[in-house]
Amino acid sequence: MSYDSESPTPARRRLRGNLVIVTAALVPTALAGWLVWQAMGGSGGQDDKPPKVLPLPSAPAVRPSGNGNAQPPTVTVTATPKPSASASTQSARPSGPLAGRVVVIDPGHNPSNFKHATEINRQVDIGTNKKECDTTGTDTEGGYTEAAFTLDVSHRLRALLEKQGATVTYTQDNDRPFGPCVDERAAIGNRAKADAVVSVHADGAAEGQHGFHVILPALVNAGKANTAPIVAPSRELGVRIAGKFVHATGMPPSNYVGDGTGLDVRKDLGGLNLSTVPKVFIECGNMRDSGDAALLRSADWRQKAAQGIADGIGSFLQK
């Protein structure tokens, strides 16, 4: 057996020296990795252990001894692929029986209309004649306003429709000082190319006159108004809403409008005359009747009212 001329003792010392250098370099690297894991929330979790793979921060170069051809190890980093844009778009698309349908909700009046008498009294063209831009609406004996009622029901209605996948737009959401005017309310539904528009109201008739009714567009062809294309689908929308409203709320049809049918046809409303898409108004009850007013003030009943309107819209759009 032959040996190298150099004794083994110095070789072992060099090896130990190299290992000390490597270890000294790797300790801060491992410590840095552990700190990254801690900063990212590694401690305190259900599995209080560092992940198997950590990002490697840059470390001081280890100078090899004896062999100038030594190469540092190669580290391969594989990037996590991002979800494709099409996948993100598909997951964001609404789903449900009303997906792809557009509904415009028109909350009657505006809570601040009473502060802008000059503006809302301005006359606008409704086709058959001219009429005031908007009105303040009515209220209960206790001061609960129609504008507050219509917004509350409209918010509930939107939630129900969006849950079924519909795209819902408002004509106003107490986000403007007054209005909009009745001609603009019609234009909002027209621009949206809505599949259905419902204007939410409550009436201001005399005590003892009670119940709900749905207002349908009459056949009008005058000036800027031509309701011929929407009379039939609007009637169908109104009939379906009336039937579902009775079922959901227990509110009877009006005893003072519509001869007990719950349906009323009018040609003096700009929101209907100027519409080019199916549209109806619903007077959910009479705020000046004590019995109806008690229902209209009830949050539980308003939820039922929203449900009845939503069911009617859904029935119409899924026919």
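The values are calculated or read from the model by the stated rules, or taken from the named source; none is laboratory data. Worth saying up front: this structure is predicted, and the values here are computed from it rather than measured. Cβ placement follows ideal geometry from the backbone for every residue including glycine, while neighbour counts extend to all protein chains displayed. What goes into the accessible areas is simple: the full protein's heavy atoms, side chains included, and nothing from ligands, DNA or RNA. Shrake-Rupley method; radii C 1.70, N 1.55, O 1.52, S 1.80 Å.
For the range 113-143, name all the residues that are hydroxyl-bearing (S, T, Y) and in contact with a Lys or Arg (Cβ under 8 Å, 6 or more places away or on another chain).
Hits for the range 113-143 are T128, T138, T140.
Every listed requirement among (1) open to solvent by 10 Å² or more (accessible area, probe 1.4 Å); (2) within 20 Å of H109 (Cα to Cα); (3) not β-branched (V, I, T) is met by N286 save one, (1). Restricting attention to the range 178-226, the residues that are open to solvent by less than 30 Å² (accessible area, probe 1.4 Å), part of a strand (DSSP E or B) and out of contact with any Lys or Arg (no Cβ under 9 Å at 6 or more places or on another chain) total 6. Restricting the first member to the range 294-314 and to residues that are open to solvent by 10 Å² or more (accessible area, probe 1.4 Å), and the second to residues that are hydroxyl-bearing (S, T, Y) and not in a helix (DSSP H, G or I), the beta-carbon pairs closer than 7 Å and six or more apart or on different chains are R297/T140; R297/Y144. Annotation: F281 fulfils all but one of (1) touching a helix residue (DSSP H, G or I) at 6+ places or on another chain (Cβ under 6 Å); (2) in a strand (DSSP E or B); the unmet one is (1). Filtering A306, A294 for residues that are farther than 25 Å from D134 by Cβ and either assigned to a helix (DSSP H, G or I) or of a type in the set (V, I, T) (or both) leaves a single hit, A294.
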